[in-house]
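To start, the structure under review is shown below, and the notes come after it.
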Amino acid sequence: MAETPEPTLRVTMLPRDTNARGTIFGGVILSHIDLAGGIAASRCAPRNFVTRAMHEVEFIAPVYVGDVVSFYATVLHVGTTSVTVKVDVEAERAKDPTRKVKVTEAEVIYVAVDEAGKPLPLS
């Protein structure tokens with residue numbers, strides 16, 4: 001039996017995160033994707049990372065107040081100065097915690113930088 005991976009980040013969505021339609025702002029989800037990916041990148045090397053790019057993100061299911069959203073980060077590639085991380089996002093419905101739906105996924109590229117913001121080798 002395959003083990004379920006642990007989420008890198010879990011967040012309960014609150015009323016302050018909603019848009020006029022009553023669903024969670026996409027930007028809130030994007031922010032958490034960036035945080036989860038940054039955590040995974042920092043586990044690769046003890047460096048300061050900045051977000052270089054976030055590939056196309058398509059939202060395939062809404063997120064509601066009270067949903068617990070899990071962000072699963074997987075390192076796809078480690079380069080000379082960068083780390084590419086895939087983040088899968090899943091919502092556990094507040095009204096039915098046994099129901100989990102995929103919300104979106106993203107590939108995010110992080111670059112290690114020095115104090116001046118210049119790229120820094122990972123090793």
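The values are calculated or read from the model by the stated rules, or taken from the named source; none is laboratory data. Bear in mind that the values here come from a model prediction, so they are computed numbers and not experimental data. Counting neighbours? That spans all protein chains shown, and the Cβs are built from the backbone with ideal geometry, glycine included.
Restrict the check to segment 79-87 and report whether at least one residue is more than 17 Å from Pro7 (Cβ to Cβ) and of a type in the set (A, V, I, L, M, F, W, C).
Checked against the condition, which is being more than 17 Å from Pro7 (Cβ to Cβ) and of a type in the set (A, V, I, L, M, F, W, C), segment 79-87 yields at least one hit.
Just one of the numbered conditions (1) outside any strand (DSSP E or B); (2) loosely packed, with under 13 Cβ neighbours inside 10 Å; (3) modelled with pLDDT of 95 or more; (4) under 20 Å from the mean Cα position of the chain (by Cα) is not true of Pro62; which one?
Checking Pro62 against (1) outside any strand (DSSP E or B); (2) loosely packed, with under 13 Cβ neighbours inside 10 Å; (3) modelled with pLDDT of 95 or more; (4) under 20 Å from the mean Cα position of the chain (by Cα), the one that fails is (2).
Kindly provide the set of residues from segment 1-20 that are buried (at least 16 other Cβ atoms within 10 Å of the Cβ) and either touching a Pro at 6+ places or on another chain (Cβ under 9 Å) or not in a helix (DSSP H, G or I) (or both), ordered by number.
Across segment 1-20, the qualifying residues are Pro7, Thr8, Leu9, Val11, Met13, Thr18.
Within segment 41-54, is even one residue part of a helix (DSSP H, G or I), among the hydrophobic types (A, V, I, L, M, F, W, C), closer than 13 Å to Glu107 by Cβ and modelled with pLDDT of 95 or more?
yes
With respect to Thr23, is the statement that it is touching a helix residue (DSSP H, G or I) at 6+ places or on another chain (Cβ under 6 Å) and surrounded by 13 or more Cβ atoms within 10 Å (Cβ to Cβ) true?
No.
All but one of (1) more than 14 Å from the chain's Cα centre (by Cα); (2) outside any loop (DSSP other than H, G, I, E, B); (3) under 18 Å from Glu6 (Cβ atoms) hold for Pro97, so report the exception by its number.
Only one criterion in (1) more than 14 Å from the chain's Cα centre (by Cα); (2) outside any loop (DSSP other than H, G, I, E, B); (3) under 18 Å from Glu6 (Cβ atoms) is unmet by Pro97, namely (2).
Report yes if some residue within segment 68-77 is surrounded by fewer than 18 Cβ atoms within 10 Å (Cβ to Cβ) and not in a strand (DSSP E or B); otherwise report no.
For segment 68-77, residues surrounded by fewer than 18 Cβ atoms within 10 Å (Cβ to Cβ) and not in a strand (DSSP E or B): absent.
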